[in-house]
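Structure, as structure tokens:
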Protein chains: 4
Amino acid sequence: VFSPESAPEPARRPLREHGVTWGHLLPGPLNAITDVAGVQVGHVTHRHTGVTAIRPAPGDVFQAKVAAGVCVLNAFGKAAGLLQVMELGTVETPIVLCNTLAVGRCADALVDHVLAANPDVRSVNPVVLECNDGRINDIRRRGVSGEDVHRALSLCVSGPVAQGAAGAGRGMVAYGVKGGIGTASRRTTHAAASYTTGALVLANMGDWPQLQVLGVPVGRLLPRPQGGAATPPEGSIIMLLATDAPLDARQLARVARRAPLGMARTGATAGHGSGDFVLAWSTANRVPNDTPSPPLLTPTLLHDAALGPLFAAAVEATEEAILNALCCAEPVGGVPALPVEDVLGLVRSAPWL
Amino acid sequence: VFSPESAPEPARRPLREHGVTWGHLLPGPLNAITDVAGVQVGHVTHRHTGVTAIRPAPGDVFQAKVAAGVCVLNAFGKAAGLLQVMELGTVETPIVLCNTLAVGRCADALVDHVLAANPDVRSVNPVVLECNDGRINDIRRRGVSGEDVHRALSLCVSGPVAQGAAGAGRGMVAYGVKGGIGTASRRTTHAAASYTTGALVLANMGDWPQLQVLGVPVGRLLPRPQGGAATPPEGSIIMLLATDAPLDARQLARVARRAPLGMARTGATAGHGSGDFVLAWSTANRVPNDTPSPPLLTPTLLHDAALGPLFAAAVEATEEAILNALCCAEPVGGVPALPVEDVLGLVRSAPWL
Amino acid sequence: VFSPESAPEPARRPLREHGVTWGHLLPGPLNAITDVAGVQVGHVTHRHTGVTAIRPAPGDVFQAKVAAGVCVLNAFGKAAGLLQVMELGTVETPIVLCNTLAVGRCADALVDHVLAANPDVRSVNPVVLECNDGRINDIRRRGVSGEDVHRALSLCVSGPVAQGAAGAGRGMVAYGVKGGIGTASRRTTHAAASYTTGALVLANMGDWPQLQVLGVPVGRLLPRPQGGAATPPEGSIIMLLATDAPLDARQLARVARRAPLGMARTGATAGHGSGDFVLAWSTANRVPNDTPSPPLLTPTLLHDAALGPLFAAAVEATEEAILNALCCAEPVGGVPALPVEDVLGLVRSAPWL
Amino acid sequence: VFSPESAPEPARRPLREHGVTWGHLLPGPLNAITDVAGVQVGHVTHRHTGVTAIRPAPGDVFQAKVAAGVCVLNAFGKAAGLLQVMELGTVETPIVLCNTLAVGRCADALVDHVLAANPDVRSVNPVVLECNDGRINDIRRRGVSGEDVHRALSLCVSGPVAQGAAGAGRGMVAYGVKGGIGTASRRTTHAAASYTTGALVLANMGDWPQLQVLGVPVGRLLPRPQGGAATPPEGSIIMLLATDAPLDARQLARVARRAPLGMARTGATAGHGSGDFVLAWSTANRVPNDTPSPPLLTPTLLHDAALGPLFAAAVEATEEAILNALCCAEPVGGVPALPVEDVLGLVRSAPWL
């Protein structure tokens, strides 16, 4: 295993760390999905591919499931487990990100993982999401193994998240330059309470001319970076949203439907071949696997009329997570990195940025 | 207004009152949707068409909405309001049943009804569902008025429900004989608690040869009743399910998806032109229109693992409601009634019935 | 009837007519939905409300239906007819836009319209879409009548479309300033063929601080215009897309799902109360109401792999249609117009615009 | 590999071969899904589990995809590939049936299968569907391997289909007795043309008291067979429908939505834990993987108004396929077979059967 994930190239860092500010809502302390208490991320990074695992909440999510909702913008993708999430409104495993052809074996490993921890379980719904890293990775070699899943799970930690060409992001290309993993978060206030919503994306979509950074049409103003593949505006993106706001499955699906609006601000148009999926969950109101006696639950839930700030948070965090993926990703396999200095030069030429 | 609804022909009565018993679950005391406390039904019956109003729960459902879920089996229909029900998970008006071409004006009247009771309201989602009574009713005459809606609402009562050719059921034809309004209910027990689930249908689907009564292929064994229109297996059916079990919108949609299984047992196959819609709601856990402060709700909800008996109740109650519509409906406009005695003769020829 | 729709205030004109250029695709000659041959638009404009009718294709769309697809971003809205469109994949009436409380009576009038033209028809699915103009219009007065629908239909014409505070757009507010009707179009090429895709929006969503114009965060840079209501980021938007590309219903739904990405670029986040619906149709491959003999159709359809440019067209045309609504709308009822000169000043301060 | 699949116990045979006749439509010559020309089925049967592969059409379905539609009655299941089928309207691999915990590895093997045959392919959407055979099979042992998939694919043949405890049906339990694979078909005529629609089910749902055979409430009349597990009415069922009628994806989803109506006639109510999925496809109008030049397709399609008989065929074939699974399955792992003679005794006691 090739492991640059513990030390992202110092020169590459998230957009906000370049001193640019924008948007309406403020990030959490890490500006990462791990700002939501209990969310953990682990990467296994190979030379040209990898696996990322996300533990959606503290403890065993099979025994104490998390409420979840889904948005499918373009189902040209091989996502595993989403239909059951839509039906039952819960996620019951860690979430694994990988490449298109590895979904089956990652799901299989995730089953092993849950069986090992739960001796009586005979049914489990692994959630695995993917993008196609075949422009960098020799994807037909099937270089990802179930062992990578177990290792990524064991590496899951709170705290800062390695971004860019890490984990499943290793071979991803977005807007014709290196994409991959990005993350961001937002805080919202609702009367007396405040909540944190974090996004983590696996960005593999869009072509260079489409790229917009904070509204600046970078892709039309700057030449395509050398080596940047002139691909059609295809690819894919996985968008994950975690929140500690107390929402049920229906409400989380509403939150999930806003993530594509954040993606749209970076320029992509969800091309035909772009498998664009969103999964949102809440760490509040865990759902027990074992039926309680009496079989009743008493969640506390936000009234729908209070959802507006969470929708805005989903949009902003998704947009910034994508930009962070680009800003953080070093060149891999001949695909160039985003020319951050050139982009910042343009961005700063806007009187308001 | 022509008003036979207060006195259904004595000779015509629900199937169970003929001494036949079947099924796994027991009905409530009325064997009607009104067994669910607070549900009320009102009919306005014209010669060949009509309107039925259902108040889904006690009090003002705009101010205290009911959780609701939808199943669309065949959306060849003009149902109003269902998309918002799916999004927000609530019904906020009485439910009106009418004929296909009357949906607009009934929705308009329902808006008036809510505005009159709520002086500050500027947005309301009327729920109106329909079948096409054009085989009996000169539907192009547009014989239903908004006034009929107001009157049906004012006639809403608890207690027994007039079935058959009453209200919106006046002009409906099912299985080639007179159809219309039917209702039934089931009791279920879940550990210490027990709940009531009621169905009310507006039955206008199927053709005679398809008819099955308690598994007996009546339509293949008995000749088509004289005057029974040889129609294609089209038509439509609206299936309403009320329950006092504490369910959220996602769970109610799961319940709603079982109603077509009850319909299937009566023989229909949801023909191309058959607009088949299900709306299920719970009278528990009312959702306030005004955002509370703090904006939090604390519903009590059944664990999904306890839903099984409610699914069975939805199937059984829907099946029986359809049969009751047929058993209760007198002949209208040349469409014959179900030949109940002949049907019972066949049914009783089964050694087990 | 108050009728400014024939002469929009000369000083107010679409964004592109101010000499700004942007985007990847070129508009059609009118930069309007009417660039799609056969599409017609008619407005009836009252002082503070109105109705807009769109004829989706030449001739009688009941007898020769148009293939259509739907995207529901936020179903907090009272749209009529969409479920049947999703089931059967066709629109069979003109499309009517109006205010929230007028949907029922507009649907009723649309039924009359189709019955009058089709003597044997007994079932019709009126498509009516709405936004809430209650911030300007005394919506509880119910100032729209069925007669307005008939008049709007009779006024439908090809050619330039009156934008802004016209027709159903009369009382709409978007981003805290006057919104309403906007339109735009894009041309795409696919191998030998080229197609036109047009958008028409009824824009009533978003709040001033959210507004982005061509990527410039106008709403954060300019003070809220005097009189602009400090509303929550709610409202609604209806997005219509017409194309002459030969697509089936499934493909049109895919196109429809891209319209929200165009909306997102203008800053809105689809707030809780914002009923955001998209309807897309194709003028190719009309579907006959009467079953042919034999019952077969032989459409010519684009291969899905060729859809990418149409997705981009949907995004760009929707974005521009929204901006055109703002640029064209004069002040109404105390809601100020977009301060176009200030906005243009900012936009032009970007070195690339 | 344990291989009884080549020789089902002679005494056990499909229901119709016992001389009972019913229904409105006639079967094809094999009364099997393989009556649809080009459909092939292959089983690999282990002692307590297995794999079934279905080739949906002649030739390479990756290069020439089949139009397909999905119905999800209860998504408590781990089905792979269905979301992309819904988006693109096509199936591009053979369909594999297996147990719940084997989906990942079967999907992985199916990827290998397609990659091997298509040297340039880097993305493929394997369709794998499952039920839980954990009542007979020690499912946690993970006894299914990718090799089983390759072998099942290599065994795919036209002609009669081994039913009951064969292939993936090996460990399945339905209505408290041995379930598994069942199949049936129906012919329909539409003006000049006639079509064949076949069903193949993997039946693992329902409890004994629910069982209805041709309307006879067998499960209430006969004691639970010795050894029949008193399970809750859970389980699962996969329903596949193949047709040679020329339908597009939207129409096939409409057909798929009728399969649960056939299931309902056998008594099941789609319990909470029952993952009930339907996949329907047409062998007409193959969709090329490579974009043609120009990128246009010219399918011939049935008009929707001609779909009615296909809906009835889906209902009847699904019902009979389930009954055939029960009639054909021998006892496995202590789960008794359906007591066919007792059931037939009851069925024949009905004067009409």
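Read-outs: derived from the displayed coordinates by stated rules, not from any lab. The shown structure was predicted, so the numbers you read here are calculated from the model rather than taken from an experiment. Cβ: placed from backbone, ideal geometry, glycine included. Neighbour counts: every protein chain shown.
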Debye intensity ratio I(q)/I(0), log10, segment C:251-326, q values 0.11, 0.14, 0.19, 0.23 Å⁻¹ (C-alpha model): -0.41, -0.59, -0.86, -1.08
Under 5 Å, built H, 5+ apart or other chain: amide partners of B:ASN99: B:GLY50
Calculated diffusion of segment D:300-353, Stokes-Einstein form, Kirkwood radius summed over Cα pairs, 37 °C and 0.692 mPa s, µm²/s: 234 µm²/s
Cut-off under 5 Å, modelled amide H: who pairs with C:GLN40 long-range: C:ARG55, C:ALA57
Rel. contact order, % - alpha carbon contacts under 8 angstrom, at least six apart, segment A:236-353: 33 percent
Gaussian network model of chain A, springs between alpha carbon atoms under 10 Å - residue of A:THR45, A:THR34, A:THR291 with greatest fluctuation: A:THR291
Mean Cα-pair separation over length for chain D, i.e. relative contact order, pairs under 8 Å, 6 or more apart, %: 25 percent
Debye log10 I(q)/I(0) at q = 0.10, 0.11, 0.20 Å⁻¹ for segment C:1-128, Cα point scatterers: -0.41, -0.50, -1.30
Net +/- balance of residues flanking A:PRO27 in space, Cβ distance below 15 Å, scoring K and R +1, D and E -1: -2
Per-residue ³J(HN,Hα) for segment D:120-130, Karplus 6.51 cos²θ - 1.76 cosθ + 1.60, θ = phi - 60°, Hz, x for Gly and Pro: 9, 6, 10, 8, 8, 10, x, 9, 10, 10, 9
Shape call, segment A:49-122: gyration tensor on alpha carbons, a/c limit 1.5: oblate
Residue-wise HN-Hα coupling along segment C:65-71, computed from phi with Karplus coefficients 6.51, -1.76, 1.60 (Hz; x: Gly, Pro): 6, 9, 5, 8, x, 10, 10
Three semi-axes of the equivalent ellipsoid, the protein assembly as shown, Cα gyration tensor, whole Å, largest first: 46, 39, 28
Relative exposure of C:TRP22, A:TRP352, A:TRP281, judged by other C-beta atoms within 10 Å (fewest first): A:TRP352, C:TRP22, A:TRP281
Burial ordering of A:ARG170, A:ARG250, D:ARG12, C:ARG47, fewest other beta-carbon atoms within 10 Å first: C:ARG47, D:ARG12, A:ARG250, A:ARG170
Interchain or long-range residues, amide H under 5 Å from D:LYS178's placed H: D:ALA337, D:LEU338
Value of D in µm² per second that Stokes-Einstein yields for segment B:98-203, Kirkwood Rh from Cα pairs, at 20 °C (1.002 mPa s): 136 µm²/s
Contour minus Cα-Cα distance for C:SER145 and C:THR298 (0.36 nm per residue): 51.0 nm
Over segment D:157-262, volume per residue of the alpha carbon convex hull, in Å³: 131 Å³
Quarter of the Cα convex hull surface for segment C:181-324, i.e. its orientation-mean projected area (nm²): 10.3 nm²
From phi via Karplus (6.51, -1.76, 1.60), per-residue ³J(HN,Hα) for segment A:238-249 in Hz, x at Gly/Pro: 10, 10, 10, 10, 10, 9, 9, 5, x, 10, 8, 4
Rg/Rg_ref, segment A:239-294, where Rg_ref = 2.2 N^0.38 Å and atoms are Cα: 1.48
Exposure proxy order (Cβ contacts within 10 Å, fewest to most) of A:SER158, D:SER123: A:SER158, D:SER123
Helix-only [θ]222 nm of the protein assembly as shown, DSSP H runs n ≥ 4, -39500 (n - 2.57) each, per residue, nearest 500: -6500 deg cm²/dmol
Max mean-square fluctuation residue, GNM over chain B, Cα-Cα springs under 10 Å, options B:HIS190, B:HIS303, B:HIS113: B:HIS303
DSSP-defined antiparallel bridges as percent of all bridges, segment D:209-353, nearest 5: 20 percent
Centre separation in Å (Cα based) which lies between segment B:232-287 and segment D:57-95: 27 Å
Size descriptor, Kirkwood hydrodynamic radius, that averages inverse alpha-carbon separations across segment A:114-169, Å: 14.1 Å
GNM result for chain C, Cα springs below 10 Å: residue of C:VAL20, C:VAL85, C:VAL51 fluctuating most strongly: C:VAL20
For segment A:179-230, diffusion coefficient by Stokes-Einstein and Kirkwood Rh (Cα), 37 °C, 0.692 mPa s, µm²/s: 239 µm²/s
Rounded tilt (10° steps) of B:103-117 against the dominant C-alpha axis of chain B: 40 degrees
Using distinct alpha-carbon pairs, which all enter the 1/r mean, Kirkwood radius of chain B in Å: 19.7 Å
Inter-site label distance for B:GLN226 and A:ASP342 at 7 Å from Cα along Cβ, in nm: 9.0 nm
